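Comments concern the structure below.
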Amino acid sequence: MRIALLSLVAVVALAQPVVVPTIPCPTPEEVLQFLAGMNLSPEFRGALASVLAAGLATGRATPTVSLLLLRDLSSLPREAAERLLEPIRFALAQGFIVDTGLTGSSMMNEVRKLLVLGRRPEEIEGVLKTRLAMLLATRSVLTRYGLVHAPPLPPDKPLPPEERFVLEVAWGVSDFLLWEGGTLTDPRLRTFVQTRLNQLCAVGVLSAEQCSWSATALTLEMFQEIGRLAFQPERR
Amino acid sequence: MRWDEVEELVRAALTREVQEASAGLAGLETRVIQALARRPLRRSFLERLRAFFAQPVPRWALVGATCALLLGFALGRLTAPRPIPAYASNLFVIAAPGARAVAVVGDFSAWQPIPLSDPDGDGIWTAVIPLPPGRYEYAFLVDGKWVGQDPLAHEYLRTFGEYVSVRYVGGSGADRSS
């Protein structure tokens, strides 16, 4: 009888679909503790720790991806690790989202992807600098066109919802230029970014207001201007 | 006719009637008792309930009831419609006959490998991963080799020459493979 009962319990357990467990989530303290033990210059480590702590507290970064990234970079020489972390530190200091966690692409996740792909640190650094330039240019252009109202906020201030829109537009434009082999004069640029934003609206990542901007206010000229500003920072 | 003769006749008639009826009365008491015994007692619902629970519960009945409950629960889990969760289950599947190890890496795992399984050995490797709404880049690793083009992907990107699949999860752009 006991065997029969155990069999039934097993049936109940197996009736659930086989689901892969999710990645464990560390605490922000664990992330900062790991960072404190990394082989980085004290000045850089201090500067990164302050913005990362603020970013983790306000949703601009997540403990899971941050810790995995720091673990990855801890195996690199100090100079290489600092060169890869510097664009992330700068972006955080400017109040940008550097890590959307496990729900999309961002600077931190991009580094992890490129490391898995076996790219060299110099190549990854180049991609990060392009992403950072795109973020700065996107915020500048969208602010000029009145689509972003809030001024840039430091990472310890609450995250404005517009920052996700800035991130997704910047990511769309830079994906087109970096990975699709596109140019700023290519008319497919608007379709590419617009399609991306439409999909993000459909799955509920962007708010209704942002979807409205996406559908009506964004133009090819705006995307081209973002690209020009990113590659000519003196115009920013 | 004299009065005493009439009385005699009446007595004789009554005696005859009693003698005739006495044959039908034979065993009447027994028949009444039997009839009463056959008649079900009409007890109230509470009395019947009390009587039911007053009976000793056999162990097999308890075990049977538990089994039925567990089976019903399992069947219910399999068949009952569920509300759409915030974390939708997403099926990742790839055909890799002869492969020794297959994993999926992506934004959803911070590009850490999540192993796929092929329990029946037919070369179809699968994993179900719960994901919140979003846009996810991912690829498969088949025996450590990058396989970036998933037929179930919504779009593809090329990163440094390697394909990366992209899947949108949630809303009207919900994953079509789940």
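The values are calculated or read from the model by the stated rules, or taken from the named source; none is laboratory data. Just so it is clear, the structure is predicted and the values come from calculations on it, not from any experiment. Ideal geometry is used to build each Cβ from the backbone, glycine not excepted, and the neighbour counts take in all protein chains shown. With ligands, DNA and RNA removed, areas are computed over all heavy atoms of the protein, side chains included. Shrake-Rupley method; radii C 1.70, N 1.55, O 1.52, S 1.80 Å.
Annotations
- Extreme residue, surrounded by the most Cβ atoms within 10 Å (Cβ to Cβ), among residues of the stretch A:198-215 that are of a type outside the set (A, V, I, L, M, F, W, C), in a helix (DSSP H, G or I) and facing another protein chain (nearest Cβ under 9 Å): A:199
- Being facing chain A (nearest Cβ under 7 Å), surrounded by 20 or more Cβ atoms within 10 Å (Cβ to Cβ) and in contact with an Asp or Glu (Cβ under 8 Å, 6 or more places away or on another chain) is a condition met by no residue of the stretch B:143-161.
- The condition of being within 14 Å of another protein chain (Cβ to nearest Cβ) and part of a loop (DSSP other than H, G, I, E, B) holds for only one of A:103, A:130, that being A:103.
- Residue in the stretch A:144-160 that is open to solvent by 30 Å² or more (accessible area, probe 1.4 Å) and touching a Leu at 6+ places or on another chain (Cβ under 7 Å) present: no
- Scanning the stretch B:117-141 for residues that are more than 8 Å from chain A (Cβ to nearest Cβ) and among the charged types (D, E, K, R) returns B:118, B:120, B:122.
- Of all the listed residues (A:202, A:170, A:137), the sole one being more than 21 Å from residue A:110 (Cβ to Cβ) and aliphatic (A, V, I, L, M) is A:202.
- Between A:112, A:89, A:60, the distinction of being under 24 Å from residue B:138 (Cβ atoms), basic (Lys, Arg) and in a helix (DSSP H, G or I) belongs to A:112 only.
- Residue A:81 vs. criteria touching a residue at least 60 places away in the same chain (Cβ under 8 Å) and closer than 30 Å to residue B:146 by Cβ: no
- Filtering the stretch A:144-167 to residues that are without any contact (Cβ under 8 Å) to a residue 40 or more places away in the chain and not in a loop (DSSP other than H, G, I, E, B) leaves only A:144.
- If the condition is being surrounded by 10 or more Cβ atoms within 10 Å (Cβ to Cβ) and not in a loop (DSSP other than H, G, I, E, B), then the stretch B:34-47 contributes B:34, B:47.
- Residues within the stretch A:64-80 that are touching a Leu at 6+ places or on another chain (Cβ under 7 Å) and open to solvent by 20 Å² or more (accessible area, probe 1.4 Å), tallied: 2
- Members of the stretch B:92-116 that are open to solvent by less than 60 Å² (accessible area, probe 1.4 Å) and more than 7 Å from chain A (Cβ to nearest Cβ): B:92, B:93, B:94, B:96, B:99, B:101, B:102, B:103, B:104, B:106, B:116
- Of the residues contained in the stretch A:83-99, one or more are found to be farther than 23 Å from residue A:154 by Cβ, open to solvent by 10 Å² or more (accessible area, probe 1.4 Å) and more than 14 Å from the chain's Cα centre (by Cα).
- Within the stretch A:177-197, the residues that satisfy the criterion of being touching a residue at least 24 places away in the same chain (Cβ under 8 Å) and open to solvent by less than 50 Å² (accessible area, probe 1.4 Å) are A:177, A:184, A:189, A:193, A:194, A:196, A:197.
- Test: residue in the stretch A:179-192 that is out of contact with any Lys or Arg (no Cβ under 7 Å at 6 or more places or on another chain) and within 17 Å of residue A:103 (Cβ to Cβ): no
- Candidate set from the stretch A:113-125 (those that are among the basic types (Lys, Arg) and surrounded by fewer than 22 Cβ atoms within 10 Å (Cβ to Cβ)); member that is nearest to residue A:76 (Cα to Cα): A:120
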